Amino acid sequence: MQTPNRSYELLDFGSGRKLERFGDVILDRPEILAEKDQKNRETLWNQSTAIYLEKPKSVGVWKEKNRVSEFWTCKFQLNEGVLKLQLSLGKFKHLGVFPEQQRHWNYLFEKVSKGTRLLNLFGYTGAASVVAAKAGAEVYHVDSSRSILKVARENADLNGIDNIRWIEEDAMKFAMREGRRKNRYDFIIMDPPIFGRGKKGEIWKLEEGLEPLVKMASQLLHKGGTLILNTYSPKLGLDEMRQICQKFKLQCIDSGWLSVSTGEGDTLNLSKYVLACSSS
């Protein structure tokens, strides 16, 4: 059960927006997948602390109705314990967490154990890495952004975790180097961005880069190891994601949508995922 003013909660969604509570902060953000009509809940939506306003052909802005701290902490209730994350109002409506991935955090806590080797590529602010480390895994967290890695380290500290190996590196370059070293993992997590630009101006497009990335990941998995692949991209369907995995002898064991639900049970699907197991 969620604790008011402390934990995450999806309050409502519709008409292209979602209303969420992150600890003491209530945020109104755009969400193209929130397609249903909003219910007549003007009083509820008026409780928002800040609203993200999109601007044509430029970065949007946060309009704060009440002052929001530069950083604040939110708790996420898991099947086993609580995960604490540091959040902030960032560019492009981001905060430092994707709440729908809670399903995979619980999955990791159930499946990993002491001695499990886990590689988190595009590790972002470290939620999955912290959960896996809590469960006893040997975690390698990779992200190319120094500022994002700083937040990930702080999230680990918030949860009393000090045994994650932090790697500031391009995900593909690190994976290729691990392949040459013949290092292998029991779990690999990938949530690659739709679009990105490297430190030397390299362009990353998910629809072009995903296949070689999955190929590389398949070579880094132990036999029976699991790949967790997430994407928010509208350009990649579940069938295509499954086909890419199968092309490299990864057996799909589960796939679908990651979602969050309101207290009334209305469900908002937010990103697609595939769980695939190595058979070689």
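Observations on the structure shown:
- Taking the numbered list (1) more than 25 Å from LEU85 (Cβ to Cβ); (2) out of contact with any Pro (no Cβ under 9 Å at 6 or more places or on another chain); (3) touching a residue at least 12 places away in the same chain (Cβ under 8 Å) in turn, GLY209 passes all entries but (2).
- The set of residues in segment 38-54 that are without any contact (Cβ under 8 Å) to a residue 12 or more places away in the chain and either crowded, with 16+ Cβ neighbours inside 10 Å or not in a helix (DSSP H, G or I) (or both) comprises ASN40, ASN46, LEU53.
- Residue selected from segment 153-197 under the condition aliphatic (A, V, I, L, M) and farther than 20 Å from GLU138 by Cβ, by the criterion surrounded by the most Cβ atoms within 10 Å (Cβ to Cβ): MET172
- Among the residues of segment 118-141, those identified as closer than 16 Å to PRO193 by Cβ and of a type in the set (S, T, N, Q) are ASN120, THR125.
- Positions within segment 132-141 being under 15 Å from ILE188 (Cβ atoms) and buried (at least 24 other Cβ atoms within 10 Å of the Cβ), in sequence order: ALA132, ALA137, VAL139, HIS141
- The criterion of being among the aliphatic types (A, V, I, L, M), farther than 30 Å from ALA137 by Cβ, surrounded by fewer than 17 Cβ atoms within 10 Å (Cβ to Cβ) and more than 21 Å from the chain's Cα centre (by Cα) does not hold for VAL68.
- Qualifying residue in segment 53-70 (condition: out of contact with any Gly (no Cβ under 6 Å at 6 or more places or on another chain) and of a type in the set (Asp, Glu)): yes
- Test result for ARG177, farther than 23 Å from THR125 by Cβ and assigned by TED's automatic domain parsing to the domain that holds VAL130: yes
Conditions (1) without any contact (Cβ under 8 Å) to a residue 12 or more places away in the chain; (2) in contact with a helix residue (DSSP H, G or I) (Cβ under 6 Å, 6 or more places away or on another chain); (3) charged (D, E, K, R), marked per residue:
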| position | (1), (2), (3) |
| --- | --- |
| ASN79 | no, yes, no |
| GLU100 | no, no, yes |
| LYS111 | no, no, yes |
| GLY136 | no, no, no |
| HIS141 | no, yes, no |
| SER144 | no, no, no |
| ASP157 | yes, no, yes |
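- Of ILE253, ILE244, all but one fail to be modelled with pLDDT of 95 or more, more than 13 Å from MET190 (Cβ to Cβ) and not assigned by TED's automatic domain parsing to the domain that holds ARG41; the exception is ILE253.
- The single condition from (1) in contact (Cβ under 8 Å) with a residue 12 or more places away in the chain; (2) not in a loop (DSSP other than H, G, I, E, B) that VAL61 fails is (1).
- Hey, TYR8 touching a Phe, Trp or Tyr at 6+ places or on another chain (Cβ under 7 Å) and closer than 23 Å to PRO193 by Cα or not: no
- Selection count, segment 17-37, where residues are among the basic types (Lys, Arg) and assigned to a loop (DSSP other than H, G, I, E, B): 1
The values are calculated or read from the model by the stated rules, or taken from the named source; none is laboratory data. Everything numeric in this text was worked out from a predicted model, so none of it was measured. Glycine gets a Cβ as well: all are built from the backbone with ideal geometry, and neighbour counts include every protein chain shown.
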